[in-house]
Every structure is written in C-alpha cells, then in structure tokens.
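Working notes, beginning with the structure itself.
The values are calculated or read from the model by the stated rules, or taken from the named source; none is laboratory data. Model, not experiment: these values are computed from the prediction. Here the Cβ is made from the backbone with ideal geometry for all residues, glycine too, and neighbour counts use every protein chain on show.
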Amino acid sequence: MTATDGRWRQNWSGHTPFRRARVHEPTTVAEVQRIVAGARQVKVVGAGHSFNGLADTDGDLLWLGRLAPAAIEIAADRRAVSFSAGLTYDQLCPALHAAGLALANTASLRHITVAGAVATATHGSGDQLGNLATAVAGLELVTAGGERVALHRDTDGDRFLGAVVSLGALGVVTRLTLHVEPTYDVVQHVYAGLPWDALYEYFDDVTGAGYSVSLFPTWQQPAVESVWVKHRLTPGAAAPEPPADLFGARLQATHLPTLQNDRVRTAVSEPGPWHHRLPHFALNAPGAVGNELQSEYFVPRRHAVDAIRAVAAIGPELAGVIGVTELRTVAGDDLWLSPAYGGDVVAIHFNWWKDWAGVSAVLPRVEAALAPFDPVPHWGKLHTLTPGQVAAGFPRIGDFRRLATEVDPAGVFANGAVRTWLLDV
C-alpha cells in the first residue's frame, strides 16, 4: 500500500526534510520485495528519530508499521522471540512481559522501533549491558533484487556481525529475532548534586551503583544535577533501602526538573516491571515534532574521566543551546559498525535546543575537546566530524564496505549518508 496522507515529510525533530518521491506502507514481505525489486533507491523510516540524513531519500521511503505478521513468536525454549521489524518497544515489551519474558535492555523512549534502534546501535545504559543491537540472534532482510535472506548469529559468522548494525545499507530488515530472559522488576532512585570531583574520583563506583545508571549534567553547575540509578529485582521482591548519599549526591523523593516537559518521567522509588522502569520516560505526544536536536559521542571507557573533564571545561560555551547531557556506559561487543566494537565505551549524549545555527557553532568545540580520546559519533545524530575521522573509529568499516558492495552493487540502499560515511571513505 502506498501512503497518500503526507506522512514522513521530515524527521521527528523537524530538522531534516525527507525528499522522498513516494511513501509505502507495505503489509506483507512479498509487497516489500516487489517495491525493492522495482526501485532505484529505497530507505526505511522507523520513528523518525535520526537527526541527520540517514533515512533521507529522493526515491521510495518504506514504513513497516503495518507489516504482517506482527504476531510475536516465542521460541520453544523461551530464549528468543521473533517479530516483524515495524514493531516498537511499546508494542513488543508488554507482550513479552505478559508471557513471563524480558529484554536485558530497552530504548530510553518506548515508541522507538526495535529495528531502527538495532540498525543504528542505539542503547540504554549499564556497565554490563550492550547496546540494543547486541540482543539480536537473527534477522531477515530483503536485498536489492527483492531476494529474501535470513542471517543467524550461530550460523552466519562475520556476515551476521556485519549485517546487524547496517544503517539500512544492506537491505530492508523485515523480521528480527532477539534473545530474551525471564521477566524481572526494576526500581529507580534519583540523586541530586553529584560533585564533579566525586564523579572523577569514583567514576567506576558511580556507574556500578546499579543495573543501569545515567548521569544528567547541563555543564552549567558545580555538580552533576541528577543521577538515575536503576536496580534489578526478582518479581514481587521488596526493594532494598537505598543509601541516602551517593558520593555526595542526595537521594530525592521525586525527579529533578532537568528534562523537557513534553515527557513523563519514569516512576521513582516504586518497583515495577522492567519495561516500565528501564526507559527514562514516555513522550506526551510521540507523534508530535520534538523541540530538540541530538548529538552523541562514544569514547573508550579508559578515557571516560578525561573526556568528561574536557567537556566540562568548555561548559560555559554550551550555555544557551544545551538542554541536558546524559552520560552512560555501554559494554563492548563484536558488531562491526557498533561504537562499542571491541571494548566498553562511555556515551556522552547531548540534548540540544532546536537551534541548528547555535548547535553547529558549538559542535566543533565539543569535538575538539574530545579529539584526544578517540570519539566516534552515534550514526543517527548530529556531528561535524569528517568521513575519515568517523571511519578511523570503526576497525571493520572496510569489511562492511566490501559486504555492502557485494550485497547491493547498484547502490539501491546507498543514499547520501550511507555513501558519505560508509562507502566513499
């Protein structure tokens, strides 16, 4: 089915227009195959949360939210789940929980599509938690000639490792299989006013204080304004009493008002199912245009404290354009285009106000401050690094380029962003 309602003229923030000639909302994989086989260029859009031109095309844009079968299929051993690629975390997670199952990690925003988060190596936070793509056990995709291909971690080796985080450059992912585990509960506690010196001295202790830990500075105060610590619990178990002090930060009864007011924050101090507590918040109107821009840089964990110090040193220059920053940790993995390939990383995520002129002026300063620490950008967010600088952070990018050329020699899935960051470097 081809959409005629004007959908997908721009990304979620309204910052990046989609030049698409046609928008399709296919309901079957066979329909996806027909569209791809007859197309000059194809890209897929999920929730529209890429802030650059990653999903842009002047050809055919696909939205898979109507793709059947949307039914969630749980493996007989209850260790994996398969589903259509158009599903969001908000659709998948409650169904898993109802079946007594869970994911190890989720997106911070529940309306994000699982396939979009996987394709860009998007993540939650936790010392022992990989990005969301690391949950993938298998995937099915439609390649440039309309062929249907299945890849599995257990059987397809490097080809699988190159295909999971692919920016849509290898084909249209139509189905995913994720590892799952028994359901669990989570309780979240919030601390205010973590002194910078305490963070620098006790960084590993702070990020190891819970199952998932996120820090929210604005770089304008003598302390990190807010620290969110999430603990994993056996379902129905009482939460242990949290310490009143976290290296100088004070336990809060409610969230601090450090984030945009267009979203509902996750409950504090009250245990609840994993899918209600691991996301940071839900948007009041998920389909509305967001008043923000985003950037994110990953640095090897060994550089974490020095990299954070470097950004703090230029904090006054960010005033006026910074909403809030989130500092979070991500475990290393083996996926070729993952920012955590080969080792643990720390993510420095910037929520900017929607002022591209102001943001584009400070991004080079942020990148210069981080330059000694081998930063790599999030694939779906804003930066001003050169293609060569980006490529230097991904040791397997040459292998990916060869795989993409083999699978898609005519460049059906190679829009401007894919060519710039992957194929022409």
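Tally time: how many residues in the stretch 261-280 are crowded, with 16+ Cβ neighbours inside 10 Å and within 29 Å of TRP352 (Cα to Cα)? Residues meeting the conditions: 11. For the stretch 242-256, does any single residue satisfy the condition of being within 22 Å of the chain's Cα centre (by Cα), modelled with pLDDT under 95 and within 23 Å of HIS349 (Cα to Cα)? Looking through the stretch 242-256, none of the residues is within 22 Å of the chain's Cα centre (by Cα), modelled with pLDDT under 95 and within 23 Å of HIS349 (Cα to Cα). Determine whether ARG34 is modelled with pLDDT of 90 or more and in a loop (DSSP other than H, G, I, E, B). Here the answer is no, as ARG34 does not meet what is asked.
Taking the condition under 18 Å from the mean Cα position of the chain (by Cα) and either within 30 Å of TRP352 (Cα to Cα) or not in a strand (DSSP E or B) (or both), does VAL44 pass? In short, yes.
Looking across the stretch 93-116, the residues that are within 16 Å of SER82 (Cα to Cα) and outside any loop (DSSP other than H, G, I, E, B) come down to CYS93, PRO94, ALA95, LEU96, HIS97, ALA98, LEU101, ALA102, THR113, VAL114, ALA115, GLY116. Among the residues of the stretch 391-417, write down those that are among the hydrophobic types (A, V, I, L, M, F, W, C), modelled with pLDDT of 95 or more and in contact with a Gly (Cβ under 8 Å, 6 or more places away or on another chain). Within the stretch 391-417, PHE400, LEU403, VAL407, PHE413 meet the criteria. Here ASP90, ASP58 are screened, and the one residue that is of a type outside the set (A, V, I, L, M), at pLDDT below 95 and over 28 Å from ALA347 (Cβ atoms) is ASP58. Which residues, counting only those in the stretch 55-112, are closer than 14 Å to PRO279 by Cβ and hydroxyl-bearing (Ser, Thr, Tyr)? Listed by number, the residues that qualify are THR88, TYR89, THR106, SER108. Scanning the stretch 120-144 for residues that are buried (at least 22 other Cβ atoms within 10 Å of the Cβ), touching a strand residue (DSSP E or B) at 6+ places or on another chain (Cβ under 7 Å) and not in a loop (DSSP other than H, G, I, E, B) gives THR134, ALA135, VAL136, LEU139, LEU141, VAL142. Touching a helix residue (DSSP H, G or I) at 6+ places or on another chain (Cβ under 9 Å), modelled with pLDDT of 95 or more and in a loop (DSSP other than H, G, I, E, B) - does that describe any residue in the stretch 15-28? Within the stretch 15-28 (the criterion being touching a helix residue (DSSP H, G or I) at 6+ places or on another chain (Cβ under 9 Å), modelled with pLDDT of 95 or more and in a loop (DSSP other than H, G, I, E, B)), the answer is yes, since at least one residue qualifies.
Look at the stretch 367-393: where a residue is more than 19 Å from ASN351 (Cα to Cα) and aliphatic (A, V, I, L, M) and a partner is at pLDDT below 95 and not in a helix (DSSP H, G or I), sitting 6+ places away or on another chain with Cβ atoms under 9 Å, you get VAL390/VAL425; ALA391/VAL425.
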